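A.B. asks: If you scroll down you'll find the structure; I have some questions about it.
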Amino acid sequence: MREFISRLQKIDTHVHLGDICGVGHPSKINTKQSKKNLLVQSDYNHWLCKFISSNFFPSSILKQAIAQLSHTNTISNLVESMKKNNISKVWLLPIEPFVSSYSLAKLLPQDCVNSFVIFASVNFLKDSTRLDIHRSLNEQKSKLGCPGIKFHPNIQNVDPTSPKAIALYEAAEELDMFIVMHGGITPFLRGPQKKLGRVRKALDIFRSFKKAKVILAHMGQYFEHDRDLFFTIKNKNVYLDTSGVSSGTIHAALQCFDVNRIIFGSDWPFSRQSDALSILLKAVISYTNSIEKQREIIEKILSRNAKIFQAAVN
Ligand SMILES: [Zn+2]
């Protein structure tokens, strides 16, 4: 099956360049690829995640670890990783105010621009009204061709049920853009901001924006263990990406969620693309013994399913 995966042309729908958390130091850019981290090594062990995301775990250590990984996310490291893993396309997700779509556009090498799809992000500190949010997204779509929007309630400190978030969903519908929303908590943050990305409360709202497709990053449960969530998502316009979760969580999603609405994401550089592929493979092998079925699921998640987001794959 590894051979089958390595030959397949893949799309990675969750990749970051730049210091998206605002904790790095520009002078410390590292040209080495990141190593396999403890979290990934443990297959996102539930208790380890719980410990790391508890308020007892020092935020400073987490910020340091994030900064170190952020220093390795250079465009040349990304291109090398894509070649090694036969990934033909990645979605680059900026998070304002730390990384903008415009700054990402400047980083891309001319000879392989088609391998990258730049997403839009709203700087809510600057653009806070309905009109501003719409204008900002419209501009990013027309100038850079952004097909979708990255929304990170925790890092951006915007409640997904607030008027600002609703303005973003409205604009997404009007501009025919889709949304990649962080789902779950963000361990290095403190206070209410840390948990804003819990997706359950936003699901009702997404139901009234049927035209806008929403991808819940991390299957809606970053550093959380909420397998019942898959039963709660009745919305047909909601999709899941496989980044930053255990093989057990992906397995659970395969059991009770529409496989046609699951897409591959690595969250590079926070997880290596090769490690994210191994975790997916482990989940699929544990889900079914049938080689035929395994191939079908893997092909859907790694390539076929993302094609519904036409503007982001062509
Ligand atoms: Zn991410």
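A.B. asks: Is it the case that residue 3 is out of contact with any Leu (no Cβ under 9 Å at 6 or more places or on another chain), within 28 Å of residue 305 (Cβ to Cβ), in a helix (DSSP H, G or I) and modelled with pLDDT under 90?
C.D. replies: yes
A.B. asks: If you don't mind, there's one more thing I want to ask. Look at residue 239 and say whether it is in contact with a helix residue (DSSP H, G or I) (Cβ under 7 Å, 6 or more places away or on another chain), among the hydroxyl-bearing types (Ser, Thr, Tyr) and within 30 Å of residue 171 (Cβ to Cβ).
C.D. replies: Yes; evaluated as a whole, the condition is true for this residue.
A.B. asks: If you check every pair at least six apart or on different chains, which have Cβ atoms under 6 Å apart with a residue in segment 106-119 that is more than 12 Å from residue 144 (Cβ to Cβ) first and a residue that is of a type in the set (D, E, K, R) second?
C.D. replies: 115/89
A.B. asks: So, one more: If the requirement is being within 15 Å of the ligand (Cβ to nearest atom), in contact (Cβ under 8 Å) with a residue 12 or more places away in the chain and over 20 Å from residue 90 (Cβ atoms), which of these qualifies: 265, 220?
C.D. replies: The conditions single out 220.
A.B. asks: Given the conditions (1) within 15 Å of the ligand (Cβ to nearest atom); (2) surrounded by fewer than 19 Cβ atoms within 10 Å (Cβ to Cβ); (3) within 28 Å of residue 286 (Cβ to Cβ), report the number of the one that residue 4 does not fulfil.
C.D. replies: Of (1) within 15 Å of the ligand (Cβ to nearest atom); (2) surrounded by fewer than 19 Cβ atoms within 10 Å (Cβ to Cβ); (3) within 28 Å of residue 286 (Cβ to Cβ), only one is false for residue 4: (1).
A.B. asks: Any idea which of 128, 142, 121, 101 is at pLDDT 95 or above, within 19 Å of residue 179 (Cα to Cα), more than 16 Å from the ligand (Cβ to nearest atom) and of a type in the set (Gly, Ala, Ser)?
C.D. replies: 142
A.B. asks: If you go through segment 79-96 one residue at a time, do you hit one that is over 18 Å from residue 193 (Cβ atoms), modelled with pLDDT under 90 and in a helix (DSSP H, G or I)?
C.D. replies: No, there is no match, as no residue in segment 79-96 is over 18 Å from residue 193 (Cβ atoms), modelled with pLDDT under 90 and in a helix (DSSP H, G or I).
A.B. asks: Let me ask you something else. Can you find, within segment 223-258, the residue that is farthest from the ligand (Cβ to nearest atom) among those that are part of a strand (DSSP E or B) and closer than 15 Å to residue 197 by Cβ?
C.D. replies: Within segment 223-258, the match that is farthest from the ligand (Cβ to nearest atom) is 238.
A.B. asks: Under 8 Å between Cβ atoms, which residue pairs at least 6 apart in sequence (or on different chains) link something in segment 10-25 that is closer than 30 Å to residue 314 by Cβ with a partner that is among the polar types (S, T, N, Q) and away from the ligand (no atom under 14 Å from the Cβ)?
C.D. replies: Close Cβ pairs (under 8 Å, with a partner that is among the polar types (S, T, N, Q) and away from the ligand (no atom under 14 Å from the Cβ)) amount to 10/85; 10/86; 10/88; 10/303; 11/88; 11/303; 17/74; 18/103.
A.B. asks: Here is a follow-up. Filter segment 245-265 down to the residues that are within 15 Å of the chain's Cα centre (by Cα) and closer than 20 Å to residue 53 by Cβ, then identify the one that is surrounded by the fewest Cβ atoms within 10 Å (Cβ to Cβ).
C.D. replies: Result: 246.
A.B. asks: Sticking with this one: Look at residue 299 and say whether it is at pLDDT 95 or above, in a helix (DSSP H, G or I) and closer than 25 Å to residue 114 by Cα.
C.D. replies: Considered against the rule, which asks whether it is at pLDDT 95 or above, in a helix (DSSP H, G or I) and closer than 25 Å to residue 114 by Cα, residue 299 comes out as yes.
A.B. asks: May I ask you to list pairs of residues, at least six apart or on different chains, whose Cβ atoms are under 6 Å apart, with the first in segment 64-76 being buried (at least 17 other Cβ atoms within 10 Å of the Cβ) and the second being among the charged types (D, E, K, R)?
C.D. replies: These pairs meet every condition: 70/19; 71/28.
A.B. asks: Continuing with the same structure: Could you grab me the full set of residues in segment 274-286 that are within 13 Å of the ligand (Cβ to nearest atom) and polar (S, T, N, Q)?
C.D. replies: Those that are within 13 Å of the ligand (Cβ to nearest atom) and polar (S, T, N, Q): none in segment 274-286.
A.B. asks: Sort out which residues of segment 30-70 are charged (D, E, K, R), closer than 15 Å to residue 244 by Cα and part of a helix (DSSP H, G or I), and write them in order of number.
C.D. replies: 50, the sole residue that qualifies.
A.B. asks: Write out, first by first residue and then by second, each pair whose Cβ atoms fall under 8 Å of each other, whose residues are 6+ apart or on separate chains, and whose first residue, in segment 177-194, is closer than 22 Å to residue 119 by Cβ and away from the ligand (no atom under 13 Å from the Cβ) while the second is assigned to a strand (DSSP E or B) and polar (S, T, N, Q).
C.D. replies: Listed by first residue and then by second, the contacts come to nothing, as the list is empty.
The values are calculated or read from the model by the stated rules, or taken from the named source; none is laboratory data. Note that the structure is predicted; figures quoted are calculated from it, not measured. Reconstructed Cβ throughout: ideal geometry from the backbone, glycine too, with neighbour counts over all protein chains shown.
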